[in-house]
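Chemist: Could you have a look at this structure, given as structure tokens, before my questions?
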There are 2 protein chains.
Amino acid sequence: MELNTLDKGSHTPLYLQLARQLIRQIQSGVLKPGDKIPSERELSESLNVSRITSRQAIESLLKSGLIYREQGRGTFVAESKMHGIQGFSSFTEDIRSRGYQPGSKVIKQELVPVDEKCRQKLKMGPDELVLHLVRLRLADGEPIAIQYTHLPSRICPGLENEDLENRSLFSVLRDRYFIHPAWTEAEVRASNPTPEEADLLGIGLDEPVLVVDGVTFTESFDMVEVVRTVYNGKSISLYMGRQRLGLLV
Amino acid sequence: MELNTLDKGSHTPLYLQLARQLIRQIQSGVLKPGDKIPSERELSESLNVSRITSRQAIESLLKSGLIYREQGRGTFVAESKMHGIQGFSSFTEDIRSRGYQPGSKVIKQELVPVDEKCRQKLKMGPDELVLHLVRLRLADGEPIAIQYTHLPSRICPGLENEDLENRSLFSVLRDRYFIHPAWTEAEVRASNPTPEEADLLGIGLDEPVLVVDGVTFTESFDMVEVVRTVYNGKSISLYMGRQRLGLLV
DNA sequence: CAGTGGTCTAGACCACTGG
DNA sequence: CAGTGGTCTAGACCACTGG
């Protein structure tokens, strides 16, 4: 296995440079499921970094479930079915993969000053603008979710004027802005809709909705969007794929 | 804030001892949401450990979402409603990592013939028995979920007679049967409780519940259990960690 | 036994936040 | 400016796995 030397002068931390190299090796198939990856000591010696740095790189891949460790044996590439799976894709891709025609109706699409909560999540400066997007999402024309999206306008200038009706936001980000969403971190809960949401979804105030609060990242862990999706509880369930159990305490 | 000195002779790692102390401080209300917790340096000096050890303790709480860090400002106790984190571990460990005392009340614990749905999921023979377990799950004594578990009795003979009141099923599986749950595959949706569930959870029939249907595997992909967990929607949110996006389109 | 990950020490410099 | 978390070094001993 070949690894490039790391750029110690770069602004990108060494452990992230190494983590990305390992991700590429796995995605390109150089490292296959079940393969043992180099030990922390091997990595640190061959790349001239400390063991803690190589360990930090490995830990960041562990979180994503791409690899797993076994004490005394080594660190291994996880079975591909363990990660990935179609659990979280874009709404458009998700709906399409279920066999429905995806669509959306734009309710709001405007630049607003960043509020404190988004600012922290997106690591933005205090005076930056975010594009605030509210869309009613449809499957075969039926409303099944409301999506509130916040994107730093810095990374997608002009998106406030783009026509997003019936288009995938992610495909616009990829094709026009060369931003490739790769990861999402989400929190899920059951709740009731607000009166506006109930109205848009055509459901009663006491019917259940599934609320997913997420943050989306690129492969290089730059944050792309903060998004809340409110699903009509009756029309959808989310498949989570294989989750590694966190057995710590 | 008082912290006990750590036991360097203990088999429990120092960082875990410290992490548990911090969890208790948060649980007991000594540390409240929004409070700043001592800095890594303060902790390491007052407890006579290295900064890396105090940092490791803080990182283990970070994963559970109990706290959050802000560079240059400090580390703070998270809003208890907003964190949620660690959605997929055993219930016991999940609740404990949130700073509550886990518990359970066994409602049903009996061997039954396998039904068709379970038989397929657990890949069992047609005449095998499953242990059917229904438990009301508690956090600090408050009912927050109902859990329906099916395990092939082949892999856990005698478990029908084990006392599971207030014990972690996973810890029994590990310690007595040497079964190590490692992965879970789940489907999540929002719904309403059945009358029995509403009664057990102490909520109304039109209040939302979060239903998680899961299958648990060992590292080697042997199926361990089929489990449905019905959470009181108001008392919990699930954190999904970092999900790789499906790159379909 | 050599090799692995798990834990730990005692330092260092950096970028960032607030006053 | 002093304080914070973010990254990093160069070591150490431990428990565990396999041959």
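Chemist: Please list, ordered by chain and number, the residues whose modelled amide H lies under 5 Å from the amide H of residue B:179; skip anything fewer than 5 residues away on the same chain.
Modeler: Close amide H contacts, sequence-distant or interchain: B:174.
Chemist: In whole Å, how far is the Cα centre of the range B:131-203 from that of the range B:1-80?
Modeler: 30
Chemist: Go through the range B:223-232 residue by residue and turn each phi into a ³J(HN,Hα) via Karplus (6.51, -1.76, 1.60, θ = phi - 60°); whole Hz please, and just put x for glycine and proline.
Modeler: Taking θ as phi minus 60°, the curve returns 7, 9, 7, 10, 9, 10, 10, 10, 8, 4 Hz for the range B:223-232.
Chemist: If you put a point 7 Å past Cα along the Cβ direction, how far is that point for residue B:9 from the same point in each other copy, in nm, smallest first?
Modeler: Label point to label point, same position, other copies: 5.4 nm.
Chemist: Mind putting together the pair-distance distribution for the range B:14-80? All Cα pairs, 10 Å bins, whole percent per bin, short to long.
Modeler: That works out to 23, 60, 17, in percent per bin.
Chemist: Assigning unit charges at the beta carbon (Lys, Arg +1; Asp, Glu -1) and nothing else, what dipole magnitude in debye, to the nearest 20, does the protein assembly as shown show about its Cα centre?
Modeler: Magnitude of the dipole: close to 1320 debye.
Chemist: What's the ranking of A:5-14, A:136-145 by average number of surrounding C-beta atoms within 10 Å, highest first?
Modeler: A:136-145, A:5-14
Chemist: Peptides A:186-197, B:160-171: what's the order by average Cβ count within 10 Å, highest mean first?
Modeler: Details: A:186-197: 19.6, B:160-171: 15.2.
In decreasing order of mean packing, A:186-197, B:160-171 become A:186-197, B:160-171.
Chemist: Stokes-Einstein D for the protein assembly as shown at 25 °C, 0.890 mPa s, Kirkwood Rh over Cα pairs, in µm²/s? Before the final figure, lay out each step's value.
Modeler: Working: Rh = 24.4 Å.
The calculation lands on 100 µm²/s.
Chemist: Total accessible area buried between chains B and A, 1.4 Å probe, in Å² to the nearest 100?
Modeler: The buried area between B and A, both sides summed, comes to about 5100 Å².
Chemist: Taking every alpha carbon pair in chain B, what does the distance histogram look like in 10 angstrom bins from 0, in percent?
Modeler: For chain B, the pair-distance distribution reads 7, 26, 31, 23, 11, 2, 0.
Chemist: For a protection proxy built on the mean count of beta-carbon atoms within 10 angstrom, sort B:49-57, B:230-238 highest first, please.
Modeler: Working: B:49-57: 18.6, B:230-238: 22.8.
Top of the packing list down: B:230-238, B:49-57.
Chemist: Pop out the ³J(HN,Hα) list for the range B:4-19 in order, Karplus 6.51 cos²θ - 1.76 cosθ + 1.60 with θ = phi - 60°, rounded to Hz; leave Gly and Pro as x.
Modeler: 6, 5, 8, 8, 6, x, 5, 6, 6, x, 4, 5, 6, 4, 5, 4
Chemist: Can I ask one more? As a test of reading the structure, rank B:127, A:35 by solvent-accessible area (1.4 Å probe, protein chains only), most first.
Modeler: Most to least solvent-accessible, the answer reads B:127, A:35.
Chemist: Restricting to DSSP H runs of at least four residues, report the calculated mean residue ellipticity at 222 nm for chain B, -39500 (n - 2.57) per run over all residues, nearest 500 deg cm²/dmol.
Modeler: Rounded to the nearest 500, the figure is -8000 deg cm²/dmol.
Chemist: While we're looking at this one, here's another question. Please go through the residue pairs A:36/B:63; B:117/B:234; B:36/B:234; A:63/A:234; A:105/A:234 and name each one whose alpha carbons sit more than 28 Å apart in this structure.
Modeler: Check vs 28 Å cut-off fails for B:117/B:234; A:63/A:234.
Chemist: Here's another thing I want to ask about it. What is the set of long-range amide H partners of residue B:114 at a cut-off below 5 Å, with H atoms built 1.01 Å from backbone N?
Modeler: For residue B:114, the qualifying residues are B:128, B:130.
Chemist: I've got another one for you. Residue by residue through A:191-201, how many Cβ atoms from other chains fall within 10 Å of the Cβ on average?
Modeler: Neighbouring Cβ atoms belonging to other protein chains average 1 per residue here.
The values are calculated or read from the model by the stated rules, or taken from the named source; none is laboratory data. Just so you know, these numbers come straight off a predicted model, no measurement behind them. Because the Cβ atoms are built from the backbone with ideal geometry, glycine has one as well, and the counts that use them run over all protein chains shown. These area figures cover heavy atoms from the full protein model, side chains too; ligands, DNA and RNA do not enter into them. Shrake-Rupley method; radii C 1.70, N 1.55, O 1.52, S 1.80 Å.
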